[in-house]
1. When region 148-188 is examined, which residues are found to be assigned to a helix (DSSP H, G or I) and surrounded by fewer than 13 Cβ atoms within 10 Å (Cβ to Cβ)?
2. Would you please name the residue that is nearest to residue 170 (Cα to Cα), looking only at residues in region 60-83 that are part of a loop (DSSP other than H, G, I, E, B) and touching a helix residue (DSSP H, G or I) at 6+ places or on another chain (Cβ under 9 Å)?
């Protein structure tokens, strides 16, 4: 039996040109590629935060860690860094002055936050009033129930901040008309457990 060189065989035993170039045609499977890109898009959409950045954390503020956390909603932000009390990127008081005062109320913080919350109420009522007029006829003498879901404030304070200063901030924020106060924290990393 003769020994043949490995490679493609011509079953009809036709003479081939030895130096002829072979053309290779490969079909690209589009179905597999579309499946791969679909999985990639779904994966990226799952991992992408749809809410975006809720709060900006300054470099000089180190937030405390907590094991029980919930997602923050957009709200006005009161930041306590080591020098200032900041309301939505506007400095309203010096931290040394807040610590030194005996009174619990921080007047400028209360004034600015109260004005912001009232402005939010006016804008929200205007938007809701336009939608309600279309859907429900107004009853004479009826008073609308205030929507307090927008009267939220988020406090982000350095983990080294003393509690009395935070309590003064909370008192002032409550007096300004905020209904819900949330604290910005970092989620504590849970240790990995081995399963046998």
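The values are calculated or read from the model by the stated rules, or taken from the named source; none is laboratory data. Only a predicted model underlies this, so the values are computations on that prediction, with no experimental measurement involved. Ideal geometry is used to build each Cβ from the backbone, glycine not excepted, and the neighbour counts take in all protein chains shown.
1. Across region 148-188, the qualifying residues are 163, 164, 167.
2. 81
Each row is one residue, and each column tells you yes or no for (1) at pLDDT below 85; (2) surrounded by 13 or more Cβ atoms within 10 Å (Cβ to Cβ); (3) in contact with a helix residue (DSSP H, G or I) (Cβ under 7 Å, 6 or more places away or on another chain).
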site: 49; (1), (2), (3): yes, no, no
site: 52; (1), (2), (3): yes, no, no
site: 85; (1), (2), (3): no, yes, yes
site: 89; (1), (2), (3): yes, no, no
site: 94; (1), (2), (3): no, no, no
